[in-house]
Amino acid sequence: MIIVMKGSTPKEQVHDVIRTIEELGYQPHVIWGTQRTVIGAVGDERGKARLQSLEVMPGVESVVPILQPFKLAGREFKSTASTVKVGDAEFGSDRIPIIAGPCSVESEEMVMQLALLAKEAGASILRGGAFKPRTSPYAFQGMGKEGLRLLAQAREATGLAIVTEVLKPEDVDMIAETADMLQIGARNMQNFALLKRVGEVGKPVLLKRGMSATIQEFLMAAEYILSEGNYNVVLCERGIRTFETATRFTLDLNAIPVLKKLTHLPVIVDPSHGTGHWEYVAPMAKAGIACGADGLMIEVHMRPEIAVSDGIQSLRPDVFRQLMRELAPFAQAAGRRL
Ligand code: PEP
Ligand code: MN
């Protein structure tokens, strides 16, 4: 339920309502607005009729049900777009942050070179997997803690914020000590224990859409994080499974306007995993910006031919630099800037 407070309600009355929501066994989530304050009361769906009685409390204007199953992620609860800050970057504002870097952290020299390249080309966040979710147990699983150290060193040298994937709930604290943003990969989108844990920790989260997840399931995954009190969630469309085999996945650009309508959370596009081939990355990156993406995530490698993972979809430095130059007019045409 959404409890809408009257325009100039004193804070104490808002707190009375919050306390009563808790007494009724619901979790209050407050948006303190300049015009009016709104409280989302989430919890057991069955007893929500009881919340209706809050209408009699001083300062309460109305109590209305949230119709969508995603309560806190939806526009019903919060109609204005949310922004998520990560280092100097801000997702959801008129600037479009670019996340760039290798699929996996492979060596000290390589991470440092790619960080310098990303910085110089205008990206604001460095990506790189230290813990990798591989389809095969025999494939490279990542450098682990040493990879995190190398990412931190690259941040030190460039000032870029870093995003890296977390695979297990028990690793969240350790990775959050280093990372500026925690990535939940497509294969873990419905790892509910992991979603709850990153929700508790409160660091910004980059949540990737599961390759077979509907938009509703994607938003319900985000809801897990929000319901723990962490609202710093950025959604990432990274391609879904279809019958098509000419590309690795099918980048579902429909999802961008659909998500923008349903949720206030920022939405970014990953054209690297979405296509699986470096030649298709630039056109789909531009298409992502054209349809309203709040950011891009692009895999880059100094020498894709020797990359330990996702070399085929990684851009060479010159191709990446060229793409960064070409993106600016697309951003401008979309009323944004890089
Ligand atoms: C990645 O970003 O390298 C990755 C593994 O992505 P996804 O979870 O979308 O496959
Ligand atoms: Mn990858």
ask   = Exactly which chymotrypsin sites (Phe, Trp or Tyr not before Pro) in the range 208-288 are in a DSSP loop and have at most 11 other Cβ atoms within 10 Å?
value = Phe243
remark   = So the carbon and sulfur contribution to the accessible area of the range 35-173, 1.4 Å probe, in percent, is 52
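How big, on average over all directions, is the shadow cast by the Cα convex hull of the chain, in nm²?
If I average the Cα hull's projected area over directions, I get 17.5 nm².
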key: Cα long-axis angle, helix 192-201 against the chain (0 to 90 degrees, to the nearest 10)   = 80
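Starting from the Cα-Cα distance between Asp173 and Arg303, subtract it from 0.36 nm times their residue separation and give me the gain in nm to one decimal.
Working: separation 130, 0.36 × 130 = 46.80 nm, distance 3.25 nm.
Extra length from Asp173 to Arg303 when fully extended: 43.5 nm.
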message = Taking R0 as 51 Å, what FRET efficiency do you get between Ala328 and Val4 from their Cβ-Cβ distance, rounded to the nearest 0.05?
response = 0.80
key: Nearest-0.05 FRET efficiency for Thr83 and Ala139, computed from C-beta distance (R0 41 Å)   = 0.65
task = Rounded to the nearest 10 degrees, what's the angle between the helix 145-158 long axis and the longest principal axis of the chain, both from Cα atoms, 0 to 90?
result = 90
task = For the pairs Lys48/Lys196; Lys85/Lys208; Lys203/Lys286; Lys119/Lys286, note any where the Cα-Cα span goes beyond 27 Å.
result = Lys203/Lys286
task = Place +1 on the Cβ of every Lys and Arg and -1 on the Cβ of every Asp and Glu in the range 42-188, take the dipole about the Cα centre, and give the residue among Ser107, Gly159, Ile175 whose Cα lies farthest towards its positive end.
result = Ile175
message = If you average the C-alpha positions of the range 1-44 and of the range 70-114 separately, how far apart do those two centres end up, in angstrom?
response = 29
ask   = Distance from the Cα centre of the range 159-181 to that of the range 213-290, in angstrom?
value = 21
Folded to 0 to 90 degrees: helix 215-227 orientation relative to the chain principal axis, Cα = 70
note = For the range 55-62, in residue order, the Karplus 3J(HN,Hα) values (coefficients 6.51, -1.76, 1.60; θ = phi - 60°; whole Hz; Gly and Pro = x) are 4, 7, 6, x, x, 7, 8, 7
message = Please compute the per residue accessible area over the range 2-64 with all protein chains in place, 1.4 Å probe, rounded to a whole number of Å².
response = 58
request  = List the residues whose amide H sits under 5 Å from the amide H of Ser82, counting only those 5 or more places along or on another chain, with H placed 1.01 Å from N in the peptide plane.
outcome  = Leu265
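Computed FRET efficiency, Cβ-Cβ of Gln153 and Arg316, R0 25 Å: what is it to the nearest 0.05?
That gives a FRET efficiency of 0.60.
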task = Take every Cα pair under 8 Å in the chain that's 6+ residues apart, average their separations, divide by the length, and report that relative contact order as a whole percent.
result = 15
query = At a 1.4 Å probe radius, carbon and sulfur cover how many percent of the accessible area of the range 206-317?
reply = 57
inquiry  = Just to confirm, what accessible area per residue do you get for the range 247-309 at 1.4 Å probe, in whole Å²?
reply    = 33
key: Accessible area per residue in Å² at 1.4 Å probe, computed on the range 78-118   = 39
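The values are calculated or read from the model by the stated rules, or taken from the named source; none is laboratory data. All of these numbers come straight from a predicted model, not from anything done at the bench. Positions of Cβ are backbone-derived with ideal geometry, glycine not excepted, and every protein chain shown enters the neighbour counts. In case anyone asks, the SASA skips ligands and DNA or RNA and just uses the protein heavy atoms, side chains included. Shrake-Rupley method; radii C 1.70, N 1.55, O 1.52, S 1.80 Å.
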